[in-house]
Structure formats: C-alpha cells, structure tokens
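Reading through the structure tokens given below for one structure.
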Amino acid sequence: MNNYSREEAEQILVRAVQSSDEVVTRDSLRQMAVEAGISDADLEQAILAHERDREETRILTAFKERRVGKFWSEFWSYFGTCSVCVLIWMFTGRHYFWPGWVMLFWGCGIAEVAAAAFFPDSRTYKRALDKFKGQQKARPLNESTEFLDASRLANPSSTAQNESTGDLPTLRVGVSLHRSKSKKLDD
C-alpha cells in the first residue's frame, strides 16, 4: 500500500473528480472527506470559502462585462458625435478647428471609462469595482430568492423545525423586509 502526501492526495482526488462525468453532491463530498480524514468543520469551511470565491468570480465577471459594454457604448457615442462635429466644421468654412475641444474634453471622459474597463491596476477600476460590489451586496433586498439559506436547500426539514420553534424561515423574513421597505418608500 502506498502512502501519499496531502498535496499528492489532493492532486489525485482532483484528477479523479475531473475525469468523472458525475456531479459531486454534498453528501458524496462529505463521504470523501470522512474517508480522507477531514473533519466536518474543515469541510464546511472549505465549502464556504469555495462559495465565496465562486461569488467573487461571478461578481468580477459581471463587472467586466458591464464595464466593457459601457466603454464601447460611450466610445461609439463619442465617435459619432465627433464625426458630426468635424462634418459641420468642414461644411461651414474650415476656419478655427473647434471640434478639437469636443474631442479633447469628451476624450478625457472616454479615457476614464477605458481605465475603469481595461486597466485593473488603475484607481478608477478599483473604485468602480468597489461600487459595483456594494451594489451587488445590496441587491438581494430586491430579490427574495436570494434569501434562501444554503443549509435549508440541503436539508428541507430544517424549515419545519424553525416553524415549530417560532423562528421565521429566512425566505419569509426576506420577503417581509422587502415589502416593508417598499411601503415606506410609498408613504
């Protein structure tokens, strides 16, 4: 029988899961962890860390898509407007090149949008990403499905337990918060 280091065991398990066409359920993951000598607490921490990483990746991807789309929208507006200004200048005598001012000042704004879209090391990008993350964290108040607790999805009987103890399920609390906020805004 061969002995493997933790790194080797991890690589072997990763290869085995990647080569399998089956989806790994939480129960099968728990069973693998038990067989590998990993405690439930360590497994739960790893699952939570993985979910946070997945959410961070989702937010970053959505941010990049939105920022690149915004850049191209702004760019084509800039290009079209500057083209019209140059055409007007050409047909009105070609004296002082006044479209240059439009190009210069609007171009500075376009450069900032480009920095927020394409240059992750820029302050503008980081500021826009922080603002976007704040919007994404506030977003669940508008979508009641986001209030579902992952543990309730894995164990539906916990909802019945909460109702018997008097605790409201998370979904109901989320809906009531959403309704109370909309009523306050209407008043």
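The set of residues in segment 38-48 being polar (S, T, N, Q) and open to solvent by less than 60 Å² (accessible area, probe 1.4 Å) consists of SER39 alone.
Taken over segment 10-37, the criterion of being surrounded by 10 or more Cβ atoms within 10 Å (Cβ to Cβ) and farther than 18 Å from ILE47 by Cβ is satisfied by GLN11, ILE12, ARG15, ALA16. For THR61, the criteria (1) closer than 18 Å to ALA117 by Cα; (2) polar (S, T, N, Q); (3) over 26 Å from the mean Cα position of the chain (by Cα); (4) surrounded by fewer than 11 Cβ atoms within 10 Å (Cβ to Cβ) hold in every case but one, which is (3).
Only one of GLU74, GLU51 is assigned to a helix (DSSP H, G or I), among the acidic types (Asp, Glu) and surrounded by 12 or more Cβ atoms within 10 Å (Cβ to Cβ); which? Within the list GLU74, GLU51, the selection yields GLU74.
The values are calculated or read from the model by the stated rules, or taken from the named source; none is laboratory data. Everything numeric here is computed off the predicted structure, so don't read it as measured data. Ideal geometry is used to build each Cβ from the backbone, glycine not excepted, and the neighbour counts take in all protein chains shown. To get the accessible areas, we keep the full protein, side chains included, count just its heavy atoms, and leave off ligands, DNA and RNA. Shrake-Rupley method; radii C 1.70, N 1.55, O 1.52, S 1.80 Å.
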